[in-house]
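One structure is given below, encoded as structure tokens.
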Amino acid sequence: MVHRSTENVKDIVIPSEERHINMYPLDFEEFGTALGEELLVEYIKKCFEKKEPLERSMHNKAMLLFHQYMLVGGMPMPVVTFIENKKDFTQADKEKRDILRLYREDIMKINAQYRSKVLSIYDQIPGFLSQHEKRIVFKQLQNGSYAEQYEETFFWLSDSMISNECFLCNDPNVGLSLNETRSYVKCYMGDTGLLVSHAFDENELLEDEVYKQILAGKLQINEGMLYENAIAQMLVANGHKLYFYTHYNEDKHRNDIEIDFIISNNSKLKYKMFPIEVKSGKQYKTTSLNNFREKYKNRIGESYIIHPRNLIIKDGIICIPPYMTMML
């Protein structure tokens, strides 16, 4: 495990040092409360605890709330604007773009030796998340570059809560943080609402009717990244560090196991890990998760698939709708 040296980052200005703003986004439960959906949130909690699906109309209502959370995000001003303007996404979008401008201004204040690297990661977060593997390929940022050159960059982006970093765990059998590999990293936006505005310009949002499509649950390939980003955001809000896992099959010349997130119970004596696969479509295969469960069966607690459908338990896998991520 690499330890970050404070000496390496002493000249980096963190946004929270400059502006006294609450930078923490609202979590999903707080967002639901802000929109007056306390009873729905409580009902979701009870159904999760009983491992029961929601009544159909309530599931549809909860999915709508999740899609609103995904599009607006949890930054306080966009949420307030969204509510005050009768759930107008366009007005909330203006607030989000103001925040993104502030982020860029903060980046421009960084010591010059770090500035270009932070900008290069920040600007390309949507591009990397729209790819299948979603991890950052350092050679694409600059020819000949490698992960260690960007360590301070990820420190700055995560410490300023602009991003949530997710590291490869190459041997989850003996603990996640002990076996994190920092040369393989996925970089999610700290707030999914901001990712929407960062990924699409105003014209794209309106012309492609992105808001309407997502509210209706019609996620296109590129918009699947928003769904996964929201899951990452909700896991971080619950206090989890993010890890992912891949296994390369030499015979097949491809990855035969890809697990989007692994969280753990942090127990030193009775360590258990909980693999999570994120599926933005209703039709999917469970091959990767089945292979992972077989490979690490002695250390696995529950296994989860997060999908747009209602709760169902299938072949020992708990398949939950995305709004239940707040319970993990």
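Comparison of Thr246, Thr286 shows that the only residue that is in contact (Cβ under 8 Å) with a residue 60 or more places away in the chain, more than 26 Å from Val196 (Cβ to Cβ), open to solvent by 20 Å² or more (accessible area, probe 1.4 Å) and polar (S, T, N, Q) is Thr246. Here the condition is being assigned to a loop (DSSP other than H, G, I, E, B) and either touching a helix residue (DSSP H, G or I) at 6+ places or on another chain (Cβ under 7 Å) or in contact (Cβ under 8 Å) with a residue 60 or more places away in the chain (or both); of Pro275, Pro308, it holds for Pro308 alone. Those helices (runs of 4 or more DSSP H) of the range 76-129 that lie entirely within it include none in which at least 3 residues are of a type in the set (Ser, Thr, Tyr) and within 20 Å of Val196 (Cβ to Cβ). Selection of the range 294-305 for residues being within 23 Å of the chain's Cα centre (by Cα) and open to solvent by 30 Å² or more (accessible area, probe 1.4 Å) yields Gly301, Glu302.
When the residues of the range 249-274 are filtered to those that are closer than 18 Å to Tyr184 by Cα and not β-branched (Val, Ile, Thr), the one that is least open to solvent (accessible area, probe 1.4 Å) is Phe261. Here Gly316 qualifies as exposed (fewer than 14 other Cβ atoms within 10 Å of the Cβ), over 20 Å from the mean Cα position of the chain (by Cα) and either within 22 Å of Glu52 (Cα to Cα) or not aromatic (Phe, Trp, Tyr) (or both). Restricting attention to the range 83-107 and to residues that are over 22 Å from Ser163 (Cα atoms) and over 22 Å from the mean Cα position of the chain (by Cα), the residue that is surrounded by the fewest Cβ atoms within 10 Å (Cβ to Cβ) turns out to be Lys86.
The values are calculated or read from the model by the stated rules, or taken from the named source; none is laboratory data. Just so we're clear, the structure is a prediction, and the values are computed from it rather than from any experiment. Here Cβ is always computed from backbone atoms with ideal geometry, including for glycine, and neighbour counts include all displayed protein chains. For the accessible areas, the whole protein counts, side chains as well, though only heavy atoms, and no ligand, DNA or RNA atoms are used. Shrake-Rupley method; radii C 1.70, N 1.55, O 1.52, S 1.80 Å.
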